[in-house]
Amino acid sequence: MISSLPFVRRQVRNVGVSLLFVLVASGLWYWQEQDVRDRLSWMGVTTWDEPGLTNLHRVLRNEGVLIGWSDVRVNPLWVSYRLHRVDDTKIGPRPDFRRDWRTLWPIMPDSYFGSGYDRGHLAPNYAIARVHGAEAQRDTFLMSNISPQRPDLNRRLWQRLEEVVIDHFVPRFGAVQVITGPVFPVDWLGNVFHRVGLVEVPQAFYKIVVVPGERPKALAFLMPQTVQGNEPLDRFLVSIDEVEARTGLNFFPLLPDNVEIVLEAEVRSGGWALDKVARLPSRY
């Protein structure tokens, strides 16, 4: 019994060294990951206002994009990315949709077939490819970046808004932060079985566009699934506070209170020249 004590001590010491290595490595990974997330976000990574079953999520990081993924709704609750001016605008061929193995439930590229819903991008293929490159473009075709959208929304109104952001807002301001995602009915139990396969169907979609700086500017849009597609974009302007109330999310958690009141409480469209682009036609 006594002779086995040195062996036991060595084993305990080895376990202790291994645990210390794991803790240090995990700490370094967390610090590096948090640093990358912070650089992809303006005024903090989106989080929940008050944690609940329907707004809890985990953050997935792609090239140039963060996704707040819900395994309950089987949807991205928010997708955040930055866009800025670029000189080289070469865009590669359109990739294929593919499953994201990080999601708990298997959402396949053909999961929406026959449902009447499009595979709606949240981080847009064209803008992400233009700013962040080919790898980032491929990541926009992961099914974790996709949500069910009616064709008139996806192919017309939503596409027009995406185009205005990259072709008009980015050249006008130099750089913008975008957060976008779905909105679900307040009565979750009443919508829980409204699904395309495993994916819960949203009632509407939001997009928040921010011009960072000492005096930041912001626009927020809220677009229902029932649009015809040819409506003027400014018809769907709302305050950021309204989007937060509808989603249970807090989009800019590090924003000082005095700035938050100005930025989030009201619709302020001055300086965006939205009236000049609100009625531009869709490509489809």
| request: Being buried (at least 22 other Cβ atoms within 10 Å of the Cβ), under 21 Å from Arg283 (Cα atoms) and under 14 Å from the mean Cα position of the chain (by Cα) is the filter here, so list the residues in the range 128-142 that pass it. | output: Ile128, Thr140
| field | Enumeration of residues in the range 161-176 that are open to solvent by less than 30 Å² (accessible area, probe 1.4 Å) and more than 14 Å from Tyr206 (Cα to Cα) | value | Val164, Ile166, Phe169, Val170, Gly174, Val176
| task | Collect the residues in the range 249-266 that are open to solvent by less than 70 Å² (accessible area, probe 1.4 Å) and either touching a residue at least 40 places away in the same chain (Cβ under 8 Å) or in a loop (DSSP other than H, G, I, E, B) (or both), keeping them in residue-number order. | result | Leu249, Asn250, Phe251, Phe252, Pro253, Leu255, Pro256, Val259, Leu263, Glu264, Ala265
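Does Asn145 count as free of Cβ contacts under 8 Å to residues at least 40 places away in the same chain, among the polar types (S, T, N, Q) and either over 20 Å from Leu66 (Cα atoms) or surrounded by 19 or more Cβ atoms within 10 Å (Cβ to Cβ) (or both)? I'd like the intermediate steps shown before the answer.
Working: free of Cβ contacts under 8 Å to residues at least 40 places away in the same chain: no; among the polar types (S, T, N, Q): yes; either over 20 Å from Leu66 (Cα atoms) or surrounded by 19 or more Cβ atoms within 10 Å (Cβ to Cβ) (or both): yes.
Answer is no for this residue.
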| field | Candidate set from the range 188-242 (those that are among the aromatic types (Phe, Trp, Tyr) and at pLDDT 95 or above); member that is most open to solvent (accessible area, probe 1.4 Å) | value | Phe236
| query | Taking the condition on the phi < 0 side of the Ramachandran plot, basic (Lys, Arg) and surrounded by fewer than 13 Cβ atoms within 10 Å (Cβ to Cβ), does Arg246 pass? | reply | no
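Please specify each residue of the range 148-161 satisfying the condition of being in contact with a strand residue (DSSP E or B) (Cβ under 8 Å, 6 or more places away or on another chain) and touching a residue at least 40 places away in the same chain (Cβ under 8 Å). Please lay out each step first, then the result.
In the first step, residues of the range 148-161 are kept if they are in contact with a strand residue (DSSP E or B) (Cβ under 8 Å, 6 or more places away or on another chain); the result is 148-151, 153-155, 157-158, 161.
If the condition is that a residue be in contact with a strand residue (DSSP E or B) (Cβ under 8 Å, 6 or more places away or on another chain) and touching a residue at least 40 places away in the same chain (Cβ under 8 Å), then Pro148, Gln149, Arg150, Leu153, Arg155, Leu157, Trp158, Leu161 are the ones that fit.
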| Scanning the range 48-71 for residues that are at pLDDT 95 or above and farther than 24 Å from Glu135 by Cβ, which turns out surrounded by the most Cβ atoms within 10 Å (Cβ to Cβ)? | Ser70
| note | Residues in the range 80-95 that are under 20 Å from the mean Cα position of the chain (by Cα) and part of a loop (DSSP other than H, G, I, E, B) total 1
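The values are calculated or read from the model by the stated rules, or taken from the named source; none is laboratory data. Bear in mind that the values here come from a model prediction, so they are computed numbers and not experimental data. When we count neighbours, we look across all protein chains shown, and the Cβ atoms used for this are built from the backbone with ideal geometry, even at glycine. Protein only, heavy atoms only, side chains kept; ligands, DNA and RNA dropped before computing areas. Shrake-Rupley method; radii C 1.70, N 1.55, O 1.52, S 1.80 Å.
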